[in-house]
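Note sheet for the following structure.
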Amino acid sequence: MAYGLGAEHARASSDDEIPFYGRHQAGIATPAQACLNFAAFDFTATGSGDLRDLLRVWSAAAALLTAGKQLSPTLRDRSSLGTDTGEAAGLNPAALTITIGLGPTLFELDGNDRLGLRSRKPQALTRLPTLPGDEIDPWRSGGDLCVQACSNDPQVAFHAVHNLGLMAHGVAVVRWSQLGFGRTASTSRAQATTRNLMGFKDGTNNIRSEDEEAMRGHVWAGADDGPPWMVNGTYMVARRIRMLLDVWDSTPVSEQERTMGRQKDTGAPLGGRRESDRVDLSARAAGEPAIPMDAHIRLAASSENGGERILRRGYSFADGVDRDTGQIDAGLFFICFQRAPQRQFVAIQRRLAPNDALSRHISHVGSAVFACPPGARRGGYVGDRLFATG
Ligand code: HEM
């Protein structure tokens, strides 16, 4: 197997199979597919053996599903629920990836070493603090485990999470879930930049998965980052960010552009001409900074954040109408991957929340963090090194 930095996952056309096994889990460096089905679970069993069994059976199932195969009846034995639920029969995997994450509460819940795994908890895996401006709904937040299924076919992604959820019967229950569409960040040089629901190109200055140095420097956990079982893994932060579109939609485009720091039609940084132009934070126009001091891209830029970067891999969501306000409940299901959430996402968001002009138009309503272990070797399973002795 070619062990580049996720090279085995780096190519995906709409019908491709993305290998489940590899150095890293798929669904991180993989070019973002068209849609997302995400579920966070509460682990309800009391033994680490049950967790091991669940990760083993989820991994075996994920290997089959991502290869476009039906689940074998034996995989379903642990829940005696019969065979594959069938809704993906006849469909190709459409670049399905299944990424598994472990939440901080799996290792320690209310001070209890609930599964005897506390000593193995990575330091980087701590619950996210309440950040300025947060309006977090606990029932859209947290989770002991997560499954991120991405595919170019929403039915395939649904089927994956549906069946993994059934397999967890008796040991884990879905706590909250989120559907997403229209990937909001290009994560590969092969992808054109798509637009978020505010109408702006999103992902221009994202880390590209082909950039091995950036992936090593900012995304993949190394030997110095914590426990050996997480080497080649990464940490996921998920934030459900609602866009307050009624005000945004009535904001003049020139003001929207000053909020983001980029032109709406071309995606060029203010003061530049093309999307690919370097962001020049020192550029001036009519005696003022061309990119306003409170523009999103200025405050999020790595040069303003101690050189820290994150791999953004989020999706748009639209979940009907908020019954209290009558406004559409839509926005960005922000997912990012990094080596150290406190140093990366949390530090950037602490800077953005109180200062960013965009903060007036968004609200962070869901929040979770997960350790995504390295990819499984054939015959192994995601997270197996967590249980290794010695
Ligand atoms: C609904 C919320 C958000 C929207 C609509 C949004 C939108 C955008 C847009 C349009 C860009 C410019 C294009 C690009 O380089 O991708 C951008 C850049 C960026 N955003 Fe956001 N963003 C949101 C939330 C966040 C959050 C919560 C973070 C991190 C805490 C973040 C971090 C970044 C970073 C690091 C960049 C690249 C800046 C640069 O180096 O030029 N964004 N975002």
Residue-averaged [θ]222 nm for the chain, counting only DSSP H segments that reach four residues, each worth -39500 (n - 2.57): -5000 deg cm²/dmol
Spin-label model distance (nm) - I328 vs S302, 7 Å beyond Cα toward Cβ: 3.4
Range of Cα positions in region 186-306 per principal axis (Å), largest first: 52, 32, 27
Spherically averaged projected area of region 106-222 from its Cα convex hull (nm²): 10.6
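Any chance you could run the full-extension gain for A283 through Q155? It's 0.36 nm times the residue separation minus the Cα-Cα distance, nm to one decimal.
Taking 0.36 nm per residue and subtracting the Cα distance, the gain is 41.4 nm.
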Whole-Hz couplings from phi, Karplus 6.51/-1.76/1.60, listed for region 236-247; x for Gly and Pro: 9, 10, 10, 9, 8, 10, 7, 9, 8, 6, 4, 6
Lysines with Cα under 19 Å of K201, excluding same-chain neighbours fewer than 8 positions away: K264
Long-range amide H partners of S367 with built H, under 5 Å: S141, G142, R240
Gain upon complete extension [S250, A318; 0.36 nm per residue less C-alpha separation]: 22.6 nm
Where N is the number of residues in the chain, Cα Rg divided by 2.2 N^0.38 Å: 0.97
Percent accessible area from carbon and sulfur atoms, the chain, protein chains only, probe 1.4 Å: 49
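Determine, from the Cβ-Cβ distance of N92 and E212 and an R0 of 22 Å, the FRET efficiency 1/(1 + (r/R0)^6), rounded to the nearest 0.05.
Given R0 = 22 Å and the Cβ-Cβ separation, E is 0.15.
Residues of region 143-262: accessible area per residue at 1.4 Å, in Å²?
37
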Highest to lowest packing among 272-285, 214-227, scored as the average C-beta count within 10 Å: 214-227, 272-285
Shape of region 101-166, Cα gyration tensor, a/c cut at 1.5: oblate
Accessible surface, region 316-390, averaged per residue in Å² (probe 1.4 Å): 41
Calculated FRET value between R127 and D265, using beta carbons and R₀ = 45 Å, to 0.05: 0.65
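The values are calculated or read from the model by the stated rules, or taken from the named source; none is laboratory data. Quick caveat: nothing in here was measured; it's all calculated off a predicted structure. Every residue, glycine as well, gets a Cβ built from its backbone with ideal geometry; the counts of neighbours run over all protein chains shown. In case anyone asks, the SASA skips ligands and DNA or RNA and just uses the protein heavy atoms, side chains included. Shrake-Rupley method; radii C 1.70, N 1.55, O 1.52, S 1.80 Å.
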